[in-house]
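Right, one structure below, let's go through it.
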Amino acid sequence: MRIYHLNSSQNLLDRTGFGLWLTVRYLFSLLLYFPLWLTGYAVTTNLLDQKDSAFSWILLTVMFSVACYVILFFIKGIIIALRYRNNYWWLVFFAIAVSFSCVLPAWLAFGTVQSLVTFFHTGYENQLSWIIIIAALLLFYSRFNWLTDQAPKLANTFYRLGFHLGNKT
């Protein structure tokens with residue numbers, strides 16, 4: 001059911017609020033996948049020069065970012081398989097994967113969050129910024145679900161490959 005507003009100010013407020021929500025949502029997704037983009041860009045800078053086309057820079061950065069994403073889910077498959085077999089090496093892979101996908105984005109955002117909290121709040125800046133970062137860390141962790149036996153369609157093949165490799169060891 002569509003809601004029609006008779007007041008144009010209310011319509012403008014609703015559209016602006018929706019735009020702000022989309023902006024926050026996409027910024028969060030950008031922050032969540034920032035280590036993948038950063039790794040893809042770092043690999044691309046080693047392969048291309050400044051005079052190469054922008055299309056090739058973007059294409060290779062996206063390609064290496066997707067490769068990092070797939071490798072993370074390959075590692076997740078190994079983690080799940082080793083955990084099911086009661087092999088404690090899963091903790092090493094788990095620590096590597098969580099530190100790359102959850103701790104690194106939270107650590108990179110800490111300075112920005114602390115400056116924003118200081119700008120908008122006059123007391124308890126340090127505690128409030130730590131609470132926000134820990135909440136973001138938990139949210140990042142919940143997006144990857146490191147200890148559950150599931151993977152998105154894009155990485156499912158590599159996840160299963162890691163699972164089978166982990167079962168053989």
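The values are calculated or read from the model by the stated rules, or taken from the named source; none is laboratory data. Only a predicted model underlies this, so the values are computations on that prediction, with no experimental measurement involved. Here the Cβ is made from the backbone with ideal geometry for all residues, glycine too, and neighbour counts use every protein chain on show. For accessibility, only protein heavy atoms count, side chains too; no ligands or nucleic acids. Shrake-Rupley method; radii C 1.70, N 1.55, O 1.52, S 1.80 Å.
Assorted remarks:
- Residues satisfying the stated conditions in the stretch 19-29, i.e. closer than 17 Å to VAL98 by Cα and open to solvent by 90 Å² or more (accessible area, probe 1.4 Å): none
- Residue check, TRP57 over 20 Å from the mean Cα position of the chain (by Cα) and open to solvent by less than 80 Å² (accessible area, probe 1.4 Å): yes
- In the stretch 41-59, the residues that are among the aliphatic types (A, V, I, L, M) and closer than 18 Å to LEU30 by Cα: ALA42, ILE58, LEU59
- For THR44, the conditions (1) of a type in the set (Ser, Thr, Tyr); (2) more than 25 Å from LYS153 (Cα to Cα); (3) open to solvent by 50 Å² or more (accessible area, probe 1.4 Å) all hold with the exception of (3).
- Beta carbons closer than 9 Å, at least 6 apart along the sequence or on distinct chains, pair a first residue in the stretch 55-73 that is in contact (Cβ under 8 Å) with a residue 60 or more places away in the chain and among the hydroxyl-bearing types (Ser, Thr, Tyr) with a second that is open to solvent by 30 Å² or more (accessible area, probe 1.4 Å) and in a helix (DSSP H, G or I) for TYR69/LEU154.
- The test for being open to solvent by 60 Å² or more (accessible area, probe 1.4 Å) and under 22 Å from TYR33 (Cα atoms) does not hold for ILE133.
- Test for SER29: is it over 19 Å from ALA155 (Cβ atoms), free of Cβ contacts under 8 Å to residues at least 24 places away in the same chain and assigned to a helix (DSSP H, G or I): no
- Of all the residues in the stretch 32-52, those that are farther than 18 Å from PHE144 by Cβ and in contact (Cβ under 8 Å) with a residue 12 or more places away in the chain number 5.
- For the residues VAL103, VAL24, the requirement of being closer than 26 Å to TYR141 by Cβ, in contact with a Leu (Cβ under 8 Å, 6 or more places away or on another chain) and of a type in the set (Val, Ile, Thr) singles out VAL103.
- For LEU91: the one exception among (1) assigned to a helix (DSSP H, G or I); (2) open to solvent by less than 60 Å² (accessible area, probe 1.4 Å); (3) free of Cβ contacts under 8 Å to residues at least 60 places away in the same chain; (4) not polar (S, T, N, Q): (2)
The rows are residues; the columns are (1) open to solvent by less than 80 Å² (accessible area, probe 1.4 Å); (2) at pLDDT 90 or above; (3) closer than 15 Å to TYR33 by Cβ.
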| position | (1), (2), (3) |
| --- | --- |
| VAL70 | yes, yes, yes |
| ARG85 | no, yes, no |
| ALA95 | yes, yes, no |
| ALA106 | yes, no, yes |
| TYR124 | no, no, no |
| TYR141 | yes, no, yes |
| HIS164 | no, yes, no |
